[in-house]
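Below is one structure, written out as structure tokens; the observations come after it.
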Amino acid sequence: MKVAGFSIIRNAIKFDYPVIEAITSILPICDAFYISVGQSDDQTKALIESLQSPKLVIIDTIWDDSLREGGKVLAIETNKVFDAIPQEYDWCFYIQSDEVIHERYHATLVKAMQAHLSNQAVQGLLFNYTHFYGHYQYVGAGRNWYRNEIRIIRNDKRIRSYKDAQGFRMLDNQKLHVKPVDAAVYHYGWVKSPQFLQAKEQHFHKMWHDDEWMKKNIPEIEEFDYNNINILKPFTGTHPQVMQTRVNQARWTFKYDSKKVKRRLKDRFLNWIEALIGWRVGENKNYKIL
């Protein structure tokens with residue numbers, strides 16, 4: 001069995017993406033790692049090259065900044081690097097530049113890939129998600145956070161990155177048939193200093209919306225406003241070893257007061273149902289579980 005990791009990145013330093021941590025978190029269980037590096041305003045390529053891993057394959061690419069509808073450019077770039085992975089690899093492990101896998105899941109993931117290797121009906125493996133928000137000691141607990149997504153797929157080029165590259169579908173838009181794995185993706189996209197997060201948000205929304213929408217909806221401020229907080233809960237586990245330096249060096253202040261969270265009666269009721277029986281009413285599932 002051969003496994004190739006893959007990802008895309010642009011302006012990693014400018015927007016403080018933990019891309020090095022993302023790559024190194026799965027590198028031990030990958031035979032190769034393919035990463036597409038887009039044109040950047042910083043030294044992103046040099047940062048990736050600093051890994052000095054013989055497993056690493058860097059692909060230079062130019063992002064089409066005119067594709068501003070629904071984050072389409074992210075899916076296009078993801079497909080580019082996926083298509084570059086040779087057919088000798090059985091599984092392809094996709095990880096975004098703000099996602100990290102805890103080392104305690106390595107053995108579980110290798111075992112799952114081995115177990116389903118010969119069963120072609122299994123097109124991918126479905127992960128749980130832990131979304132950190134504001135600081136490293138809080139995680140999202142509301143309905144606005146997606147709970148699962150596909151991160152390991154077969155090396156089948158009929159599989160395509162879907163919409164804004166959050167997940168995958170078949171070329172004919174059919175959902176992938178997947179098996180759940182007892183492993184979580186730690187998503188750190190909302191854990192940055194207020195300055196870095198505001199800069200990232202302003203840049204990120206440009207991949208979805210035109211300039212007029214940006215002027216109306218994204219304020220020109222220096223620091224991100226954390227006041228629009230949804231439901232959070234304390235994180236009681238451990239962070240991956242590769243993230244420990246970032247956790248230790250975090251110096252910004254983040255305060256969460258659950259009493260200030262504004263929730264509609266409908267949302268309170270739906271959250272109560274989910275907490276009681278584990279069913280998320282109206283949940284969008286971009287996959288079919290076998």
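Listed values, structure above:
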item: Selection count where residues are exposed (fewer than 13 other Cβ atoms within 10 Å of the Cβ) and touching a helix residue (DSSP H, G or I) at 6+ places or on another chain (Cβ under 8 Å), scope the stretch 51-65; result: 3
item: The stretch 131-158 - residue that is in a strand (DSSP E or B) and without any contact (Cβ under 8 Å) to a residue 60 or more places away in the chain and, of those, surrounded by the fewest Cβ atoms within 10 Å (Cβ to Cβ); result: His131
item: Tally of residues being basic (Lys, Arg) and either modelled with pLDDT under 95 or within 15 Å of Val19 (Cβ to Cβ) (or both) across the stretch 56-80; result: 2
item: Condition broken by Thr44, with the remaining ones in (1) closer than 29 Å to Val178 by Cα; (2) buried (at least 22 other Cβ atoms within 10 Å of the Cβ) satisfied; result: (1)
item: Filter result for Ser36 (touching a residue at least 40 places away in the same chain (Cβ under 8 Å) and buried (at least 16 other Cβ atoms within 10 Å of the Cβ)); result: yes
item: Residue that is farthest from the chain's Cα centre (by Cα), among those in the stretch 87-130 that are crowded, with 22+ Cβ neighbours inside 10 Å and without any contact (Cβ under 8 Å) to a residue 60 or more places away in the chain; result: Gln123
item: One residue from Ala165, Ala75 being touching a Phe, Trp or Tyr at 6+ places or on another chain (Cβ under 9 Å), assigned to a loop (DSSP other than H, G, I, E, B) and either over 25 Å from Ser36 (Cα atoms) or in contact (Cβ under 8 Å) with a residue 12 or more places away in the chain (or both); result: Ala165
item: Selection status of Ser66, closer than 28 Å to Ala184 by Cβ and assigned to a loop (DSSP other than H, G, I, E, B); result: no
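The values are calculated or read from the model by the stated rules, or taken from the named source; none is laboratory data. Just so it is clear, the model here is predicted, and its values are computed rather than measured. Ideal geometry is used to build each Cβ from the backbone, glycine not excepted, and the neighbour counts take in all protein chains shown.
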